[in-house]
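The values are calculated or read from the model by the stated rules, or taken from the named source; none is laboratory data. Just so it is clear, the structure is predicted and the values come from calculations on it, not from any experiment. Cβ placement follows ideal geometry from the backbone for every residue including glycine, while neighbour counts extend to all protein chains displayed. These accessible areas exclude ligands, DNA and RNA; they are computed on the full protein's heavy atoms, side chains included. Shrake-Rupley method; radii C 1.70, N 1.55, O 1.52, S 1.80 Å.
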Amino acid sequence: MRNVIYAINLTLDGCCDHTKFNPDEETHGYFTHLMRDVDLLIFGRKTYQLMVPYWPDIAKSQSETKADIEFAQTFVSKKKIVFSRSLGSAEDKNTKIVGSNLRDQILKVKQEPGQNILVGGVDVPSQLMELGLIDEYRFVVMPIIAGEGRRLFEGVNLQQKLQLKLVESKTFKSGCVALHYLKQ
């Protein structure tokens, strides 16, 4: 069975609002490497619309740093599922829009052959966490205290405490720390 991996950047005070910080090249490289090991990306509408058309445009124009371009090219090459009731169509040919039944859709794709599944954003991953459908957590903690902005797992309602096991950590030159946890 394929694993569902949730990955996100956040600040020391738990802010996951990407307008509050700028990932560096090493962070982009970390996420590019992670994305190369999956064959399906899952987002909600808000995160998808932050990513598309931004990253496809970078992949076409080749106008940013080498790390940004590599991330963009990897992003564009992956199949995507977007959970949205309001998004009518996708700009990206590799994207499928699904309007409902998050639980059943995730259980279905976990059973399909292929590599692992990467989930990004906040709303869809929060729902998947509540359903117990996330197998791995990858957090890159920025050495920043934002003091404001949306907090990770705000409003998440778990039936019971979620116990995780740290299996890897890596400190970047910038002071960011990548943490890899498995659900126990």
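Comparison of LEU107, LEU50 shows that the only residue that is among the hydrophobic types (A, V, I, L, M, F, W, C), at pLDDT below 95, part of a helix (DSSP H, G or I) and surrounded by fewer than 18 Cβ atoms within 10 Å (Cβ to Cβ) is LEU50. Output the number of the condition that PHE31 fails; it satisfies all remaining conditions of (1) open to solvent by 10 Å² or more (accessible area, probe 1.4 Å); (2) under 18 Å from GLN105 (Cα atoms). Among (1) open to solvent by 10 Å² or more (accessible area, probe 1.4 Å); (2) under 18 Å from GLN105 (Cα atoms), the lone unmet condition for PHE31 is (2).
Conditions tested, residue by residue: (1) under 24 Å from TYR30 (Cβ atoms); (2) modelled with pLDDT under 90; (3) charged (D, E, K, R).
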position	(1), (2), (3)
TYR54	yes, no, no
ASP57	yes, no, yes
ASP68	yes, no, yes
PHE71	yes, no, no
THR74	yes, no, no
LYS79	yes, no, yes
GLY88	no, yes, no
LYS93	no, yes, yes
VAL98	no, no, no
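Name every residue in the stretch 110-134 that is of a type in the set (D, E, K, R), surrounded by 13 or more Cβ atoms within 10 Å (Cβ to Cβ) and under 14 Å from LEU40 (Cα atoms), in order of residue number.
Answer for the stretch 110-134, where residues must be of a type in the set (D, E, K, R), surrounded by 13 or more Cβ atoms within 10 Å (Cβ to Cβ) and under 14 Å from LEU40 (Cα atoms): just LYS110.
Once the stretch 72-89 is narrowed to residues that are touching a Phe, Trp or Tyr at 6+ places or on another chain (Cβ under 8 Å) and part of a helix (DSSP H, G or I), the residue that is farthest from SER61 (Cα to Cα) is PHE75. The condition of being without any contact (Cβ under 8 Å) to a residue 40 or more places away in the chain, hydroxyl-bearing (Ser, Thr, Tyr) and assigned to a strand (DSSP E or B) holds for only one of SER100, SER169, SER126, that being SER169. Pairing residues of the stretch 27-54 that are touching a residue at least 12 places away in the same chain (Cβ under 8 Å) and within 14 Å of LYS96 (Cβ to Cβ) with residues that are open to solvent by less than 40 Å² (accessible area, probe 1.4 Å) and in a helix (DSSP H, G or I), at Cβ distances under 6 Å and at least 6 apart in sequence or on separate chains, gives GLY44/VAL124.
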